[in-house]
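Bear in mind that the values in this text are calculations on the coordinates, not laboratory data. This structure is a prediction, so every number in the text was calculated from the model and none was measured. Virtual Cβ from ideal backbone geometry, glycine too; neighbours counted across all protein chains shown.
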């Protein structure tokens, strides 16, 4: 019985294939195009049904994809964090004094609190020199003796009201300047003969090892000249020049740091 049914099925299938083979080629082409379109559509839509991959959150907790609109369990909730723009602005400005420090100075951070800030605030300070944190500097003052001219210094101040940390504020960058050179009138040699100039010697030194030059400044004295490199002053007295005279002199290093003084001499 089963053998007969199998033969009948085979015969029916053969008849269908013979009829299909007799169909025009146009019908075969249309049918193939439809089948191809169905396969492409299935391949494009199938990935959208896959489960969304885990997504790491900013707090390190991994959130997994699930049914849209469904809330995650309470145990997976991410704790709230205070973002920088949400921190209270307790500080209005931070300034460094002096504004042109040298290695012989100590920089002090002056904090200007915001108008709406609490009356009692605690500050922490982070000092940086050439963008490197100075770990041992924890107060509002930084001694500059261990650093060099042209080093760049800044400080960041963070305020606390006892419970909350306010927004940290950084000062502007301040450069360490060279130590001003010294200037003294060291010696004077009076003229031995009539018409011979009086000679005086300026002495200066730059602690940072800079080259220095000397100049005469106001008030000027007629007949007085200077050697800019050595600091030697020559003064050829005029017949009418007698009494006390005041003259200015200056020393300047190659960084543009200048010191000016006024000296007094007596002509007899």
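Details
- Computed from the alpha carbon atoms alone, the convex hull of region 168-231 holds 123 Å³ per residue.
- All Cα pairs of region 132-266, percent lying beyond 20 Å: 61
- The order of the peptides 142-148, 160-166 by mean Cβ neighbours within 10 Å, most packed first, is 142-148, 160-166.
- Over region 121-205, the hull volume per residue, using the convex hull of the C-alpha atoms, is 135 Å³.
- Sites residue 230 and residue 268, calculated FRET efficiency, Cβ-Cβ separation with R0 22 Å, nearest 0.05: 0.25
- Residue 100 paired with residue 121, simple spin-label distance in nm, labels 7 Å along Cα-to-beta-carbon: 3.0
- Panel order for 253, 208, by other beta carbons found within 10 Å of each beta carbon, from fewest to most: 208, 253.
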